[in-house]
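Beneath this line is the structure, given in structure tokens, with notes to follow.
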């Protein structure tokens, strides 16, 4: 019966899209709460047979609506300072342009090895004890503002190049360097990521053949996950999620390095 292979391929495609949807929810939630969500979404696509460089690029399709959703959710709850968020976000753009262009031209086998190394580094950072949370300053000093904006250039390069772990760079800068409270920090973080991701997505789209169906399936999930995280902003259940994330990520690292 000639129609069976088509049905089989259709069912496989639906399973893949549902898997990406579920992965997107977890990714969006983790990215807004702290960071590290892309350590799920990028390797999942690689496991589905997507080249690493293309998976890295396609992931940006999901990151964009995720952060639009989070920005809106934070703003509705009264946590927004778009003037400061925009000035910080604009500082990431030069780095993002360079970083995304470089990432688009890294050979795929080298990218997979680099991805595994970066994931190990992020796991180490995630396992370190968190420092004292600083109390908010209503208006950061001029020196702290300058330092924070300067850091954004380098963060933009990292975000444009790989994005994975960028939350663990942004949060210390916003909370410790600029002395913003954690909720305000997250509100700025999602806006900043929105800025550089817009640029990075445009660069990747011009340099690589991206998988838009995979990206859109992830995007639906990340939008839901980001909205949930922005509205919850509590730590209940995050510890369990991070333990699960660590186990899955270790499996991904082994796959990337040895198989």
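The values are calculated or read from the model by the stated rules, or taken from the named source; none is laboratory data. Please read all numbers here as calculations on a predicted model, not as lab measurements. Glycine also receives a Cβ, built like all others from the backbone with ideal geometry; neighbour counts cover every protein chain displayed.
Of the helices (runs of 4 or more DSSP H) lying entirely inside region 179-259, those containing at least 1 residues that are at pLDDT 90 or above and surrounded by 15 or more Cβ atoms within 10 Å (Cβ to Cβ) are 182-207, 212-232. When residue 99 is tested against (1) outside any helix (DSSP H, G or I); (2) touching a residue at least 12 places away in the same chain (Cβ under 8 Å), exactly one condition is not met: (1). When residue 169 is tested against (1) more than 13 Å from the chain's Cα centre (by Cα); (2) surrounded by fewer than 21 Cβ atoms within 10 Å (Cβ to Cβ), only condition (1) is not met. Every residue in region 125-153 that is at pLDDT below 85 and closer than 30 Å to residue 203 by Cα, please. Across region 125-153, the qualifying residues are 125, 126. Checked against (1) more than 18 Å from the chain's Cα centre (by Cα); (2) closer than 23 Å to residue 213 by Cα, residue 110 meets all criteria but (2).
Results for (1) under 18 Å from residue 186 (Cβ atoms); (2) over 18 Å from the mean Cα position of the chain (by Cα); (3) at pLDDT below 90; (4) surrounded by 16 or more Cβ atoms within 10 Å (Cβ to Cβ), shown as yes or no for each residue.
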position	(1), (2), (3), (4)
3	no, yes, yes, no
6	no, yes, yes, no
11	no, yes, yes, no
20	no, no, no, yes
54	no, no, no, yes
84	yes, yes, no, yes
92	yes, no, no, yes
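Tally up the residues in region 22-43 that are modelled with pLDDT of 90 or more, more than 19 Å from residue 169 (Cβ to Cβ) and under 15 Å from the mean Cα position of the chain (by Cα), please. If you could, list the steps in order and put the result at the bottom.
As a first pass, look at region 22-43 and keep what is modelled with pLDDT of 90 or more: 22-25, 41-42.
This time we only want the ones that are more than 19 Å from residue 169 (Cβ to Cβ), so: 22-25.
Checking which are under 15 Å from the mean Cα position of the chain (by Cα) leaves us with 23-25.
Looking only at that region, the number is 3.
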